[in-house]
Amino acid sequence: MKKYDIIIIGAGPAAINFSRAAQGSDKKILAIEGDKFGGTCPNYGCEPKIFLEGAVRNVLSSQLMQNRGIGQASTIDWQALMKTKKATWENMPAAQEMGFKNLGIDTLHGYAKFVDNHNVEVNGE
Ligand SMILES: Cc1cc2nc3c(=O)[nH]c(=O)nc-3n(C[C@H](O)[C@H](O)[C@H](O)COP(=O)(O)OP(=O)(O)OC[C@H]3O[C@@H](n4cnc5c(N)ncnc54)[C@H](O)[C@@H]3O)c2cc1C
C-alpha cells in the first residue's frame, strides 16, 4: 500500500491550482484521474469550445456580410473542423499530466473510491 500526505481525486483546473499552491511544500502528493488529465476545461470545455465557437462566428459574420462586401458566405466543413480539433487537443492530457509531475506530484490513472476515511482504492490497489 502506497502512502501520501495528500491525495487529489480528479486532475482538472481545481487540482492544477491546488498543486501550484502546494509547490515547495514537503507533502507527498498523488493526483488521480479517471478520464483525461486536465479535466473538463482543456479537454472538453473552455478551450475546444472557444475553437468551435470561433468557426461558427466566422460563418455567421460572413453570412451577415454577404452581398455587403463579402461575395460568398463561408460554411462549416464539420469533418475537417473536428479533425483539426482532435489533432490540436490530443496531446493535452499528456501535457497536463506532465505539469503535475513537474511539480513533484505522482500521478495515477483510474477512478478513485474511498475505502474508509484514510484509504482510497484505485484499480483494485
Ligand atoms: C462545454 C463547456 C465549456 C466551458 N467553457 C468555459 C469557459 O469558457 N470558461 C470557464 O471559465 N469555464 C468553462 N467551463 C467550465 C470549466 O470547464 C470548469 O469550471 C472546470 O473544468 C472545473 O474544474 P474542476 O477541476 O473543478 O473540475 P473538472 O474540470 O470537471 O475536473 C474534474 C476531474 O475529476 C475527475 N474525476 C471525477 N471523479 C473522479 C474519481 N472518483 N476518480 C478519479 N477522477 C475523478 C474527472 O474525470 C475530471 O477530469 C466550460 C465547461 C463546459 C462543459
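The values are calculated or read from the model by the stated rules, or taken from the named source; none is laboratory data. If you're wondering where the values come from, they're calculated on a predicted model, not measured in any experiment. Neighbour counts are summed over all protein chains in view; Cβ atoms, including those assigned to glycine, are modelled from backbone coordinates with ideal geometry.
Per-structure values
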| quantity | calculated |
| --- | --- |
| Cross-chain or 6+ apart pairs with Cβ under 6 Å, the stretch 95-117 first and touching a residue at least 24 places away in the same chain (Cβ under 8 Å) and of a type in the set (D, E, K, R), then near the ligand (Cβ under 10 Å from one of its atoms) and not in a helix (DSSP H, G or I) | GLU97/PHE37 |
| Single condition MET1 does not satisfy, out of (1) surrounded by fewer than 15 Cβ atoms within 10 Å (Cβ to Cβ); (2) under 27 Å from LYS85 (Cα atoms) | (2) |
| Matching residues in the stretch 37-86 - criterion: being part of a helix (DSSP H, G or I) and of a type in the set (A, V, I, L, M) | ILE50, LEU52, ALA55, VAL56, VAL59, LEU60, LEU64, MET65, ALA80, LEU81, MET82 |
| Residue that is farthest from the ligand (Cβ to nearest atom), among those in the stretch 20-34 that are modelled with pLDDT of 95 or more and buried (at least 16 other Cβ atoms within 10 Å of the Cβ) | ILE29 |
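Quick grid of which residues meet (1) of a type in the set (Asp, Glu); (2) under 24 Å from ASP26 (Cα atoms); (3) assigned to a helix (DSSP H, G or I):
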position: THR88; (1), (2), (3): no, no, yes
position: ALA94; (1), (2), (3): no, no, yes
position: GLY99; (1), (2), (3): no, yes, yes
position: GLY104; (1), (2), (3): no, yes, no
position: THR107; (1), (2), (3): no, yes, no
position: LYS113; (1), (2), (3): no, no, no
position: VAL120; (1), (2), (3): no, yes, no
position: GLY124; (1), (2), (3): no, no, no
